[in-house]
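Read-outs throughout are calculated quantities, based only on the coordinates presented, and are distinct from any laboratory measurement. Note that the structure is predicted; figures quoted are calculated from it, not measured. So basically every Cβ, Gly included, is an ideal-geometry build from the backbone, and we count neighbours across all protein chains shown.
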Amino acid sequence: QVQLVESGGGSVQAGGSLRLSCAASGSTTSNVRMAWFRQAPGKEREGVAVRDAYTRTKYADSVRGRFTISKDAAKKTLYLQMNRLQPEDTGMYYCAADSSSVYWLDLSPAGFGDWGQGTQVTVSS
């Protein structure tokens, strides 16, 4: 079992930046697909960025060019660098891991079995 803990959320003005972190512990493996999701109140959970075991990445259209997903394997930490934040980026951000379909470069939550508790991001105009 893998435990994931997000941090780095907060409140910023539009145009600002934040970097989210997701620390992994427990039965971790380097052969893994990881992703960031977000959910605003009353909205469906949305895939933001995914990184597969080949280190390929895919981003939602709304964040492409502004967000970057990366991983530090030595620190067992996943990151999401968020630049030029907009009010529409507001929501609870979750990291997730998949040790089965590790080469599936897709933003759907299907297949992700391990989830963090979430960290809140609020962007004001």
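What number of residues in the range 48-60 are farther than 12 Å from ASP98 by Cβ and either of a type in the set (Lys, Arg) or surrounded by 21 or more Cβ atoms within 10 Å (Cβ to Cβ) (or both)? Let's see the steps before the verdict.
Taking the range 48-60 and keeping what is farther than 12 Å from ASP98 by Cβ, we get 48-49, 54-60.
Subsequent filtering for residues that are either of a type in the set (Lys, Arg) or surrounded by 21 or more Cβ atoms within 10 Å (Cβ to Cβ) (or both) retains 48-49, 56, 58.
Number satisfying all stated conditions: 4.
Can you tell me which residues in the range 96-125 are among the hydroxyl-bearing types (Ser, Thr, Tyr), in a loop (DSSP other than H, G, I, E, B) and either surrounded by fewer than 16 Cβ atoms within 10 Å (Cβ to Cβ) or in contact with a His (Cβ under 7 Å, 6 or more places away or on another chain) (or both)? Steps first, please.
Here is the first cut: in the range 96-125, the residues among the hydroxyl-bearing types (Ser, Thr, Tyr) are 99-101, 103, 108, 119, 122, 124-125.
Then drop every residue that is not in a loop (DSSP other than H, G, I, E, B), which leaves 99-101, 103, 108, 125.
Matches in the range 96-125: SER100, SER101, TYR103, SER108, SER125.
Scanning the range 1-16 for residues that are in a strand (DSSP E or B) and of a type in the set (S, T, N, Q), which turns out surrounded by the fewest Cβ atoms within 10 Å (Cβ to Cβ)?
So in the range 1-16, the residues in a strand (DSSP E or B) come out as 2-7, 10-13.
Those still in the list that are of a type in the set (S, T, N, Q) too: 3, 7, 11, 13.
Values: GLN3: 15, SER7: 13, SER11: 12, GLN13: 10.
The qualifying residue surrounded by the fewest Cβ atoms within 10 Å (Cβ to Cβ) is GLN13.
Can you name the residue in the range 17-31 that is assigned to a strand (DSSP E or B) and not hydrophobic (A, V, I, L, M, F, W, C) and is also farthest from the chain's Cα centre (by Cα) among such residues? Step through it out loud before you land on a result.
As a first pass, look at the range 17-31 and keep what is assigned to a strand (DSSP E or B): 18-26.
Still in the list and also not hydrophobic (A, V, I, L, M, F, W, C): 19, 21, 25-26.
On the way: ARG19: 10, SER21: 8, SER25: 16, GLY26: 19 Å.
Within the range 17-31, the match that is farthest from the chain's Cα centre (by Cα) is GLY26.
Can you tell me which residues in the range 48-62 are farther than 15 Å from ALA110 by Cα and more than 11 Å from the chain's Cα centre (by Cα)?
Residues of the range 48-62 farther than 15 Å from ALA110 by Cα: 53-62.
Passing the criteria: ALA53, TYR54, THR55, ARG56, THR57, LYS58, ALA60, ASP61, SER62.
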